[in-house]
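The block underneath contains the structure these notes are about, expressed in structure tokens.
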Amino acid sequence: MPVARDQAPWERVLEWGREERVVAESREGAHRAETAPLPVEDLHPALLAALDNIGIDALYSHQAEALESAREGHTIVTTGTASGKSLAFNLPVLDTLATDNRARALYLYPTKALAQDQARALHKMRAPFLRPAIYDGDTPKEERRGIRARSNLILTNPDMLHVGVLPNHQAWGDVLANLAWIVVDEAHVYRGVFGSHVGNVLRRLRRMANAYGTEPRFMLTSATIANPVDLAERLTGLDVRLVDRDGAPRAGRKVVMWNPPLVDERSGKRGSVLGEAADLLAELVQDEVRCICFLKSRRGVELIQRFTRLRLEDAGRPDLAERIAPYRAGYTPQQRRDIERQLSEGELLAVVATDALELGIDIGGLDAAICVTFPGTVASLRQMWGRAGRRGTGLALYVAGDDALDQFFCRHPEEFLD
């Protein structure tokens, strides 16, 4: 069936699904940028030159507000996906590092992939005062002493902080004695028991820094959640200021709830959610819609990718089958970097991923984001959906499973879409 030129590239697939699969549809409107001038008089000349290297000559309003707030006290920034939260915390931190050559900063990320992505972004700035380094389980042991001695911006994670830094604080004495900033990115991940553990690790870090004579300033970022200040204060044990007025532009987004068809009306059993996701992905890829498909299960990720490849080969498109890859924890660092690069550069048309790719890694302009079964929280769902439509109108698909909560949302879509 030919697709009209004025139609979205996924419209053919949605028309097919509207017969018995599409439960609800909605549209999120576009949002224009609210900008602020770059405060050239308040930033170090070396930082201004580094910003010029990456083409930054103005700020979004929340970035300017975050810079001012961070200079006043501990701050959490909570804005939408791809809204420039990294620059919001980089500005005050890098300004300090450019001004004071002894100052140090710690960036804490929940995943290694996020740390790698931020390290790449920092290197692109080509700032002579900046010496960033990643310190995690993948860091070779022979490089770790040099990182402690020379790096003024260390990217790590709470686990490494707990097992590799705090128990060996004597070796980290110079870092702790000059620790000016602690950045906690994607703070909404730290909830429940895991969040309480991270909160205790951050308190230990504060106490250790105090013992070495410093009182570092905290800056946190989060996806849009209902209680960002409460979260930040529970994690850090400090009073925290809030920046939540998003000034970044946002493209429109089509949101679709998709329920596999009934196969047994008596039992209520529905078609396989993995098979349904593979059908969707294969159809979208044939229309050259660049996709990312999320599922919590590692095995499920591998199965969806395999089923999608088989469907494309059966359709006579083995060339497209080669452009789909799985992404999950357990791959080597080099394998993960290669997949991220191929997706960002357009070599891959689709990736099937666990939540390892949910967070703010820059993987380029994707057209569609598919979330297979409810991921557990609305914040996670919004993060996943936020992968689509960063540079144009995107498609956000939720494919329901047999789980009672998934089926409740399908019966009451207003509870889900609102």
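The values are calculated or read from the model by the stated rules, or taken from the named source; none is laboratory data. These numbers were taken from a predicted model, which means no experiment stands behind them. Methodologically, a virtual Cβ is constructed for each residue, glycine included, from the backbone with ideal geometry; neighbour enumeration extends over all protein chains shown.
Among the strands (runs of 3 or more DSSP E) confined wholly to the range 194-259, which include 3 or more residues that are over 30 Å from residue 411 (Cα atoms)?
Output list reads 217-222, 241-243.
If residue 229 passes every condition in (1) touching a Ser or Thr at 6+ places or on another chain (Cβ under 8 Å); (2) farther than 17 Å from residue 90 by Cβ but one, which one does it miss?
(1)
Go over the candidates 119, 115 one by one and state the one that is in a helix (DSSP H, G or I), assigned by TED's automatic domain parsing to the domain that holds residue 51 and surrounded by 18 or more Cβ atoms within 10 Å (Cβ to Cβ).
On inspection, the qualifying residue turns out to be 115.
Would you be able to say whether some residue in the range 337-352 is under 25 Å from residue 185 (Cβ atoms), touching a Leu at 6+ places or on another chain (Cβ under 6 Å) and surrounded by fewer than 19 Cβ atoms within 10 Å (Cβ to Cβ)?
Among the residues of the range 337-352, at least one is under 25 Å from residue 185 (Cβ atoms), touching a Leu at 6+ places or on another chain (Cβ under 6 Å) and surrounded by fewer than 19 Cβ atoms within 10 Å (Cβ to Cβ), which makes the answer yes.
Quick check on residue 25: is it assigned by TED's automatic domain parsing to the domain that holds residue 278, free of Cβ contacts under 8 Å to residues at least 12 places away in the same chain and either surrounded by fewer than 18 Cβ atoms within 10 Å (Cβ to Cβ) or outside any loop (DSSP other than H, G, I, E, B) (or both)?
Judged against the criteria, residue 25 is not a match.
Can you tell me how many residues in the range 264-309 are of a type outside the set (D, E, K, R) and part of a loop (DSSP other than H, G, I, E, B)?
7
Residue check, residue 317 against (1) without any contact (Cβ under 8 Å) to a residue 60 or more places away in the chain; (2) over 30 Å from residue 60 (Cβ atoms); (3) surrounded by 20 or more Cβ atoms within 10 Å (Cβ to Cβ), all met but one. Which one?
Status for residue 317: all satisfied but (3).
Give the residue that is modelled with the highest pLDDT, with candidates limited to residues of the range 360-383 that are in a loop (DSSP other than H, G, I, E, B) and over 11 Å from the mean Cα position of the chain (by Cα).
Only one residue fits best here, namely 373.
Output the qualifying pairs, or none if there are none: Cβ atoms under 8 angstrom, residues six or more apart or on different chains, first residue in the range 136-154 and more than 22 Å from residue 93 (Cα to Cα), second residue part of a helix (DSSP H, G or I) and among the β-branched types (Val, Ile, Thr).
Going by the 8 Å Cβ cut-off, the qualifying pairs are 139/147.
How many residues does the range 384-400 contain that are modelled with pLDDT of 80 or more, not in a loop (DSSP other than H, G, I, E, B) and not hydroxyl-bearing (Ser, Thr, Tyr)?
7
From the set of residues in the range 75-112 that are modelled with pLDDT under 95 and part of a helix (DSSP H, G or I), which is farthest from residue 340 (Cα to Cα)?
85
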